[in-house]
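> Sending over a structure as structure tokens; questions will come in a sec.
The values are calculated or read from the model by the stated rules, or taken from the named source; none is laboratory data. As the structure is a prediction and not an experimental result, all values here were calculated from the model. In this analysis, Cβ positions are derived from the backbone assuming ideal geometry, glycine residues included, and neighbour counts consider all displayed protein chains. The accessibility values were calculated without ligands, DNA or RNA, using every heavy atom of the protein model including side chains. Shrake-Rupley method; radii C 1.70, N 1.55, O 1.52, S 1.80 Å.
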Amino acid sequence: MTAKETIQQGKAILGIEFGSTRIKAVLIDEENKPIAQGSHDWENQLVDGLWTYSVEAIWYGLQDCYANLRADVLKQYDTEIEILAGIGVSAMMHGYMAFNEKEEILVPFRTWRNTNTAKAAAALSELFVYNIPLRWSISHLYEAILDNEEHVSDINYLTTLAGFIHWQITGNKVLGIGDASGMLPIDPETKQYNAEMVRKFDELIAPKGFSWKLLDILPRILEAGKNAGFLTEEGAKKLDVSGHLKPGIPVCPPEGDAGTGMVATNAVKQRTGNVSAGTSSFSMIVLEKDLSKPYEMIDMVTTPDGSLVAMVHCNNCTSDLNAWVNLFKEYQQLLGIPVDMNEVFGKLYNNALTGDADCGGLISYNYISGEPVTGLAEGRPLFVRSAKDKFNLANFMRAHLYASVGVLKIGNDILFNEEKIKVDRITGHGGLFKTKGVGQRILAAAINSPISVMETAGEGGPWGMALLASYLVNNKDNETLADYLENKVFAGNTGTEIAPTPEDVAGFNAYIANYKRGLAIEQAAVENKK
């Protein structure tokens, strides 16, 4: 069947993901291969000291992204999207979207980037004897309670961005288990919210006298492969303002971008892992058993089918690196030379590999925003060197590449060095790996482990979400998600692997030792600069 016939016969599947800087849509065929795509660029806003996206921006972005996809289909295949086999929606995990009984949002959407929840996260971590990160929904909720915010008593429903979109297009208040695990910890046995923690939280807030209890306001949890509803008539209009898309399409459980990253890299099986490196970065290692104790730097979440995952999440990754690369673009424009950004990145990244393994003593802190793993509530991008350091272009670029995964290394050193976690395969995906071989080699040195990158790595989250929708509608053999991906999607493809060299590992270790010592400089910058 041609791609055009697939679309015309309603066999195509749509995956949509709300990333931090771009909303992306991917249409796949019956062989799970992308056949069309759309996108919409957007940026979060700092409003009253909190990072947010407005509800208007969310809907405009979704509709523009879908319109962009529709235009791509018209251009490539001269046909309209009328019906689909399935749909899936994913988004950046965690955060806080609270609604009253009239379905009105009570306060602006609070995203994962916000670090104002330190007091609540610390109190809940102690109460639950479990690491509760600053960005989790339960931290946002309890911080709002501690701060005596008036809206809390009116909460009727609390969800994530993916859960919100799914609710609005299907009418169902549900969430995929992976995304739900970023709201409140999951019991790996029951695959539901941890009952003991729910009880402790309800007891904790009982004196406040709210009309709701925690389970009253949280989404119902669904594992991958479960039906999460159907596109309603209203939902179809919200998605496709042109009116061509018909209702009745099955929709799979909404997921977080961490879950779609695992799916897109075939890393949902135990002893596999993946690293996503873009605006933010995170590593996901699927565990065989729980860790020996809670760690503040490591979040415990789940795969979309409920396996326990150790997650190291870093708020900052390539944004500062990209800002420096843009300076070279501007210089090239000043010289009157036509700019090809792929060439600019390629030249600078590959030149970085010729630098000293320890970056010649140069250090970069890429903290556009705060970084909880290293204890910084706010960020100040800094480049640091002493007069005796080897300051050249190769070392300069290498230091910024190291910085993009430096915090990730600090967290993963705990897993591999202290917990002795065993991993058979780690796969990288995201913008850092676009220049072939460079980001891969840097990451391999950082975590002292071979890193694979697949040709499909660039497809990313929306493709992973489309695969979850495919698993819902096409899993005729009742396979597990891991087996479905292995047999029906990747068919043994493990990508291209790069192993770390002893010199690179030693160099990165020297860099990170300098980096840790220099964190006091970053702290001073936060304290002394507006």
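> Would you point out the residue of the stretch 297-344, among those that are within 22 Å of Thr272 (Cα to Cα) and of a type in the set (Asp, Glu), that is most open to solvent (accessible area, probe 1.4 Å)?
Here the residue is Asp305.
> Report those helices (runs of 4 or more DSSP H) wholly inside the stretch 438-530 carrying at least 2 residues which are out of contact with any Lys or Arg (no Cβ under 8 Å at 6 or more places or on another chain) and without any contact (Cβ under 8 Å) to a residue 24 or more places away in the chain.
481-484, 502-517, 519-528
> Right, something else. So, Met1, is that one over 20 Å from Thr279 (Cα atoms), of a type in the set (A, V, I, L, M) and at pLDDT below 95 or not?
Yes: the conditions hold for Met1.
> Could you check how many residues of the stretch 377-425 are under 24 Å from Pro133 (Cα atoms) and among the hydroxyl-bearing types (Ser, Thr, Tyr)?
Selection size over the stretch 377-425: 1.
> Might you check whether a residue that is at pLDDT below 95, touching a helix residue (DSSP H, G or I) at 6+ places or on another chain (Cβ under 9 Å) and open to solvent by 10 Å² or more (accessible area, probe 1.4 Å) occurs anywhere in the stretch 476-488?
Yes, that holds for at least one residue.
> Could you please give the count of residues in the stretch 1-48 that are open to solvent by 10 Å² or more (accessible area, probe 1.4 Å), outside any strand (DSSP E or B) and among the hydroxyl-bearing types (Ser, Thr, Tyr)?
The qualifying residues number 3.
> Condition first: outside any strand (DSSP E or B), in contact (Cβ under 8 Å) with a residue 60 or more places away in the chain, in contact with a Ser or Thr (Cβ under 9 Å, 6 or more places away or on another chain) and closer than 22 Å to Ala513 by Cβ. Can you find one or more residues in the stretch 378-394 that meet it?
yes
> Would you check if Leu432 is in contact with a Gly (Cβ under 6 Å, 6 or more places away or on another chain) and open to solvent by less than 10 Å² (accessible area, probe 1.4 Å)?
It is true that Leu432 is in contact with a Gly (Cβ under 6 Å, 6 or more places away or on another chain) and open to solvent by less than 10 Å² (accessible area, probe 1.4 Å).
> Got a sec? Which of Trp51, Trp59 is at negative phi, modelled with pLDDT under 95 and not β-branched (Val, Ile, Thr)?
That would be Trp51, the only listed residue that is at negative phi, modelled with pLDDT under 95 and not β-branched (Val, Ile, Thr).
> Can I ask one more? When Phe99 is evaluated against the numbered criteria (1) closer than 15 Å to Leu175 by Cβ; (2) crowded, with 24+ Cβ neighbours inside 10 Å, which criterion, by number, is the only one it fails?
(2)
> Please go through the stretch 258-288 and pick out each residue that is outside any strand (DSSP E or B), open to solvent by 10 Å² or more (accessible area, probe 1.4 Å) and at pLDDT below 90.
Gly278, Thr279, Ser280
> Taking only the stretch 72-91 into account, find how many residues are under 18 Å from Ile169 (Cα atoms) and either open to solvent by 30 Å² or more (accessible area, probe 1.4 Å) or part of a loop (DSSP other than H, G, I, E, B) (or both).
5
> In the stretch 187-201, what residues are in a loop (DSSP other than H, G, I, E, B) and polar (S, T, N, Q)?
Thr190, Asn194
> Determine the pairs where a residue that is on the phi > 0 side of the Ramachandran plot, located within the stretch 348-359, has a partner that is open to solvent by less than 40 Å² (accessible area, probe 1.4 Å) with Cβ atoms under 8 Å apart, the partner being 6 or more residues away or on another chain.
Cys359/Asn395; Cys359/Arg398; Cys359/Ala399; Cys359/Tyr402; Cys359/Gly507; Cys359/Tyr511
> Could you check the stretch 396-418 and list, in sequence order, the residues that are charged (D, E, K, R) and modelled with pLDDT under 95?
Passing the criteria: Asp413, Glu418.
> Considering each residue of the stretch 289-314, count those that are of a type in the set (D, E, K, R), at pLDDT below 90 and assigned to a strand (DSSP E or B), and give that number.
Summing the residues that are of a type in the set (D, E, K, R), at pLDDT below 90 and assigned to a strand (DSSP E or B) in the stretch 289-314 gives 0.
> Just for the stretch 150-186: of the residues that are part of a loop (DSSP other than H, G, I, E, B), of a type in the set (Gly, Ala, Ser) and within 15 Å of the chain's Cα centre (by Cα), which one is surrounded by the fewest Cβ atoms within 10 Å (Cβ to Cβ)?
Taking the candidates together, the pick is Gly182.
> Under the condition of being of a type in the set (Ser, Thr, Tyr) and not in a helix (DSSP H, G or I), which residue from the stretch 315-371 is farthest from Ile410 (Cα to Cα)?
The qualifying residue farthest from Ile410 (Cα to Cα) is Thr354.
> Which of the residues that make up the stretch 125-149 are more than 15 Å from Lys213 (Cβ to Cβ) and buried (at least 19 other Cβ atoms within 10 Å of the Cβ)?
Asn131, Ile132, Pro133, Leu134, Arg135, Trp136, Ser137, Ser139, His140, Glu143, Ala144
> Let me ask something else. So which residues in the stretch 380-422 are open to solvent by 30 Å² or more (accessible area, probe 1.4 Å) and of a type in the set (Gly, Ala, Ser)?
If the condition is that a residue be open to solvent by 30 Å² or more (accessible area, probe 1.4 Å) and of a type in the set (Gly, Ala, Ser), then Ser386, Ala387 are the ones that fit.
> Given the condition within 30 Å of Leu84 (Cβ to Cβ) and assigned to a strand (DSSP E or B), answer yes or no: does some residue in the stretch 416-427 qualify?
Yes, some residue in the stretch 416-427 is within 30 Å of Leu84 (Cβ to Cβ) and assigned to a strand (DSSP E or B).
> A further question on this structure: Can you tell which of Glu189, Glu223 is closer than 25 Å to Leu481 by Cα, in contact with a Gly (Cβ under 7 Å, 6 or more places away or on another chain), charged (D, E, K, R) and surrounded by fewer than 23 Cβ atoms within 10 Å (Cβ to Cβ)?
Glu223
> Separate question: One residue is enough: does the stretch 88-110 have a residue meeting the conditions touching a residue at least 40 places away in the same chain (Cβ under 8 Å), of a type in the set (A, V, I, L, M) and closer than 30 Å to Gln8 by Cα?
yes
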